[in-house]
Amino acid sequence: MAAGMLNRGVLTFRLQCQLVSRSPSLTQVREKKRWMRAYTYIMAKKLQLEGPPPPKPRWQQPNWDYHSEVQAFSSRLHENFSLELLKTAFVNPCYVQAEQERRKQLDVDSETTALVLKDNLQLSKKGEGLTKSILTDWCRASFPSLPHEGVECIVGHLSSLSVVTYVARNLGIEDLTMSAEFPVPDEVLNSTFMAVIGALEESSGAERAAFFLRDFLLTQLMGKDLFDMWTVVNPMGLLVEELTKRNIPLPEPRLIRSAGASTVLPLYFVGLYSGTKLLAQGPGETLVGAEEEAARVALRKLYGFAENRRPFDFSPQQQHQRTLLQSVSSN
């Protein structure tokens, strides 16, 4: 009896040992890495002395196929580019020169190291001229009352270095640009964007190039004030000239209301009257400042650039589409 119970106990113990040996080990060991503090301190000190590592262009990083990326760029924008022209648009003269000098330093035969690449200089000039022409015609069609100086300022803002490079970086042109320096300088990125427009005009025609500019450059006018782009030193004098051209009585400034005139933060509201009609009113901390602001408000109304104007319609069925096509065909 006792022997049977003993044998049964031994079998049970063996079975438990087998189950324990088959089960995974869940033991966790917490230890303090003594080397981590010294390593972190040394790396932080190195970063402080040497600075952050220089940025690498995208083509020097893994998982990059230039031909596929160029094709993806065309498909992403829903434009029908010629791949050869598009690749040429991304090649800048500084890259060609730097690459030729690098190959000469290898002490190899000049015929062997010859670089068969065409830069984007011609495409850039063509795209720049086309861009200014289309933007000018659109501004004249949208704001027929705006004088020539105001149109030039708006076109200059839209084709400025800051606006063009902002659009180019958000379209991913910087990653595809072949430049001698990285990060790509703003001037190089600006010329590359213009070359892309020139390549689009040669690939799909001037109509598609006009729509491309409408979608990506003209939309940068959203939320912009006229006098942020056009600096007018004497708004009252300009208002007098405009009213004289329209045979409207000259404006007369009148103080409408004021508050805190005897404090350090006064507020005046000046209204401009043409006869018995109120043209505009504007606030200011001084009477002169309020008068100038009222003149700017009146000019915005005359030019159709008021704050409460109807938003721009950039849809394909917009009313200026025919004007864009006519201006492109005339060029």
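The values are calculated or read from the model by the stated rules, or taken from the named source; none is laboratory data. These numbers come from a predicted model, not from an experiment. Cβ placement follows ideal geometry from the backbone for every residue including glycine, while neighbour counts extend to all protein chains displayed. Ligands, DNA and RNA are excluded from the accessible area calculation, which covers all protein heavy atoms including side chains. Shrake-Rupley method; radii C 1.70, N 1.55, O 1.52, S 1.80 Å.
Before moving on, here are some points about what is shown:
- Filtering PHE73, PHE81 for residues that are open to solvent by less than 100 Å² (accessible area, probe 1.4 Å), at negative phi, assigned to a loop (DSSP other than H, G, I, E, B) and in the same structural domain as PRO185 (by the TED database) leaves a single hit, PHE81.
- When LEU130, LEU86, LEU106, LEU117 are checked against the criterion of being farther than 15 Å from VAL188 by Cβ, open to solvent by 40 Å² or more (accessible area, probe 1.4 Å) and either touching a strand residue (DSSP E or B) at 6+ places or on another chain (Cβ under 9 Å) or touching a residue at least 60 places away in the same chain (Cβ under 8 Å) (or both), a single residue qualifies: LEU117.
- Residues (closer than 16 Å to LEU171 by Cα and part of a helix (DSSP H, G or I)) located in segment 199-222: ALA199, LEU200, ALA209, PHE211, PHE212, LEU213, ARG214, ASP215, PHE216, LEU218, THR219, GLN220
- Test: residue in segment 89-97 that is of a type in the set (Phe, Trp, Tyr), open to solvent by less than 30 Å² (accessible area, probe 1.4 Å) and out of contact with any Asp or Glu (no Cβ under 7 Å at 6 or more places or on another chain): yes
- Any chance SER145 is within 23 Å of the chain's Cα centre (by Cα) and outside the structural domain of LEU239 (by the TED database): no
Yes/no matrix, rows are residues, columns are (1) open to solvent by 80 Å² or more (accessible area, probe 1.4 Å); (2) farther than 30 Å from PHE314 by Cβ; (3) touching a residue at least 60 places away in the same chain (Cβ under 8 Å):
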residue	(1), (2), (3)
GLU202	yes, no, yes
GLU207	yes, no, yes
PHE212	no, no, yes
ASP215	no, no, yes
GLN220	no, no, yes
GLU252	yes, yes, no
VAL270	no, yes, no
LYS277	yes, yes, no
VAL288	yes, yes, no
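- Among the criteria (1) exposed (fewer than 10 other Cβ atoms within 10 Å of the Cβ); (2) of a type in the set (Ser, Thr, Tyr); (3) under 22 Å from the mean Cα position of the chain (by Cα), the one SER68 does not fulfil is (3).
- Cβ-Cβ under 7 Å pairs, at least 6 apart or on other chains, segment 37-58 side open to solvent by less than 100 Å² (accessible area, probe 1.4 Å), far side outside any helix (DSSP H, G or I): PRO55/PHE182; PRO55/PRO183; PRO57/PHE182; ARG58/TRP64
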